[in-house]
Amino acid sequence: MRMSSDTQKRRKPQQLRGEQRMAAMLDAAAAVFAESGFDAATMTAIAERSGSSIGALYQYFPNKLTLARALREQYGEDMAQRWSGLTTDAAHLSVNALADRVFDLMIGFFDEHPAYFALLNATLGYQRSADARQRLRAQFGAVLRQKNPEMEEEEALRTANVALQIVKGLNPLYAQASAAERRKLVAEFKLALQAYLKIRLHKSSAG
């Protein structure tokens, strides 16, 4: 993926102190984005929240787009790690338990990254890389083949793609719902994923 010029100009930390300062800036940006939204957030507010001068912030991140992109990259890495753990445990889970774990994983991610929804629909000037999407499909395809070793790889990837679209469908509804409504929505989406996976994995019971 070709990097934008503002990303290329980002200063990279050379020592631990610089890494810690950059991490604090990203944490501050996430907090401000979550509270104010991406469009209303300002570099001044982010600098104040991080305890840095505005000049120092600009040295590491020339604008809030680079901050947002860096956060999205972080979130992608975090999500990949979470899915890796699911792959390890999948063989021992029933279909119902697997669907529950998928959405519990997502809800845990949302709770830990409140800025995710603020950035989800923001115009950041780039799309998530095809490699990242393919990696996630491959991870979930591997999960499905653990549940049904007779499933061909192509079929597993297709099923994974559809299942992930079901999971992704929760995002816009969850972002706008109240806490009580969110619980109900998650329960509905779990039912949808359970039903689909039982058919595709040839499971006739909840396990």
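The values are calculated or read from the model by the stated rules, or taken from the named source; none is laboratory data. Quick caveat, the model's predicted, so the values are computed rather than measured. Quick reminder, even Gly has a Cβ in these numbers, built from the backbone with ideal geometry, and neighbours come from all protein chains shown. When the accessible area is computed, the model is the full protein with side chains, heavy atoms only, and any ligands, DNA or RNA have been set aside. Shrake-Rupley method; radii C 1.70, N 1.55, O 1.52, S 1.80 Å.
Residues of the range 148-207 that are outside any helix (DSSP H, G or I), loosely packed, with under 12 Cβ neighbours inside 10 Å and of a type in the set (A, V, I, L, M): 206 alone. Taking the range 127-147 as the range and being surrounded by fewer than 15 Cβ atoms within 10 Å (Cβ to Cβ), free of Cβ contacts under 8 Å to residues at least 40 places away in the same chain and of a type in the set (Lys, Arg) as the test, only 133 passes. Of the residues making up the range 83-100, those that are within 22 Å of residue 188 (Cα to Cα) and open to solvent by 10 Å² or more (accessible area, probe 1.4 Å) are 93, 94, 96, 97, 100.
Scanning the range 26-44 for residues that are over 23 Å from the mean Cα position of the chain (by Cα) and either farther than 23 Å from residue 121 by Cα or open to solvent by 40 Å² or more (accessible area, probe 1.4 Å) (or both) yields 42, 44.
Here is the figure for the range 101-122: residues that are open to solvent by less than 50 Å² (accessible area, probe 1.4 Å) and either β-branched (Val, Ile, Thr) or assigned to a helix (DSSP H, G or I) (or both) total 12.
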